[in-house]
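Everything below concerns the one structure shown next.
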Amino acid sequence: MTTRTAPTRALTALTEPAADAAITVATRTLGLPAIREHVTDLAAAAARERLSHKVFLAEILNLECDERDGRRRIRRVREARFPRTKRLEDFDPTLLPDLPAATLAHLATGAWIDAGEPLVLLGDSGTGKTHLLIALGTAAAEQGRAVRYTTTAALANELAETTSITRTLGRYARLDLLCLDEVGYVHLDPKGAELIFQIITAREERASIAAASNAPFSEWGTTFTDPRLAAAVVDRLTFNAHIINTGTTSYRLRTTRTKGATNTR
């Protein structure tokens, strides 16, 4: 058995301007923008701290990896198409008695997504459902998962207007998490209801759906028209699901009052 050795290369004593030019060309060729931007400052810091060449190389490569990971998180969140920015750290779980801190912490890990478990948020308008839906979706996207946010009406329209229903259904089936907002807000025609049911069925026990609704399950028949279809949707979204009741009191109003009381102290 022969051992392959790396080819040796003689080092060239470049001038500083030549070295800068070579780094610019190489980092553009290799797609290393963070190194290109920070190499001068890091090289100066490495010289001051008398780091070895190997340690300097490790530091600058770690910087590129960290920034690439950050860009990937930003891209994942952008691809999810959230209508606005909502984060878990901005959510006050003490205002929702049905949401213990331990439950929220577990949901934030995304383990339920990896297990293909559904999440259903039920409550009146303004009780924090959409905030939670977007915030949990954002956390999942930043953890590297493929996430998409949409409303029930928008999804039904997209499916009805697509030129390739098979391709569109496949795209939604491949998501790690589908955030489906405003379930029960609008009446769906039979075709739209059937198409959404196909997506829910394609993801059943395999990939997670997080749904938010201001209507109890007993009223979903007004959205999905066919009582049997509505029952099938409820059955698939509640099996092994995390169900959180956000109540009837406006979360937005309570948050505003809490901030106002804090500011007047």
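Just a few scattered comments:
- Computed log₁₀ I(q)/I(0) - Debye formula, equal Cα scatterers, no solvent, the chain, q 0.14 Å⁻¹: -0.95
- Near the amide H of Arg145, within less than 5 Å, lie no amide hydrogens of residues on another chain or at least 5 residues away, with H placed in the peptide plane.
- Solvent-accessible surface (1.4 angstrom probe) belonging to Lys191, in square angstrom, nearest 10: 120 Å²
- Cut-off under 5 Å, modelled amide H: who pairs with Cys179 long-range: Arg148, Tyr149, Thr150, Ala210
- Electrostatic dipole magnitude of the stretch 3-133 [Cβ: Lys, Arg +1; Asp, Glu -1; Cα centre; debye, to 20]: 580 debye
- For the chain, the mean residue ellipticity at 222 nm estimated from helices alone is -17500 deg cm²/dmol, where every DSSP H run of n ≥ 4 contributes -39500 (n - 2.57) and the total is divided by all residues, rounded to the nearest 500.
- The stretch 187-253 shape via C-alpha gyration tensor axes, a/c threshold 1.5: oblate
- Partners for Lys191 among aspartates and glutamates (Cα-Cα distance below 15 Å; same-chain residues under 8 apart left out): Glu158, Glu161, Asp226
- Subtracting the Cα-Cα distance of His38 and Ser52 from their residue separation scaled by 0.36 nm leaves 3.3 nm.
- Residues in the stretch 179-199 that a label on Ile165 would reach, taking backbone N under 14 Å of a point 7 Å out along Cα→Cβ: 189-199
- Solvent-accessible surface (1.4 Å probe) assigned to Val77 amounts to roughly 40 Å².
- Nearest-10 value in Å² for the accessible area of Asp176, using the 1.4 Å probe: 60 Å²
- For Ile196, Ile165, the ranking by accessible surface with the largest value first comes to Ile165, Ile196, using a 1.4 Å probe.
- Between the beta carbons of His187 and Arg81, assuming R0 = 22 Å, the FRET efficiency works out to 0.40 to the nearest 0.05.
- Global form of the stretch 129-228, assessed from the alpha-carbon gyration tensor, a/c cut-off 1.5: oblate
- Remark: spin-label model distance Leu14-Arg228 equals 7.2 nm, labels positioned 7 Å along the Cα→Cβ axis.
- Formal net charge of residues neighbouring Tyr185 (Cβ-Cβ distance under 15 Å; K, R +1; D, E -1): -4
- Gained length - Thr29 relative to Arg72, 0.36 nm times residue gap less alpha-carbon distance: 13.5 nm
- Ordered by solvent-accessible area of protein heavy atoms (1.4 Å probe), largest first, the residues Glu158, Glu79 come out as Glu79, Glu158.
- Of interest is the spacing of the C-alpha centroids, which for the stretch 58-72 and the stretch 116-179 amounts to 30 Å.
The values are calculated or read from the model by the stated rules, or taken from the named source; none is laboratory data. Small disclaimer: the values here were computed from a predicted structure and weren't measured. Here the Cβ is made from the backbone with ideal geometry for all residues, glycine too, and neighbour counts use every protein chain on show. Ligands, DNA and RNA are excluded from the accessible area calculation, which covers all protein heavy atoms including side chains. Shrake-Rupley method; radii C 1.70, N 1.55, O 1.52, S 1.80 Å.
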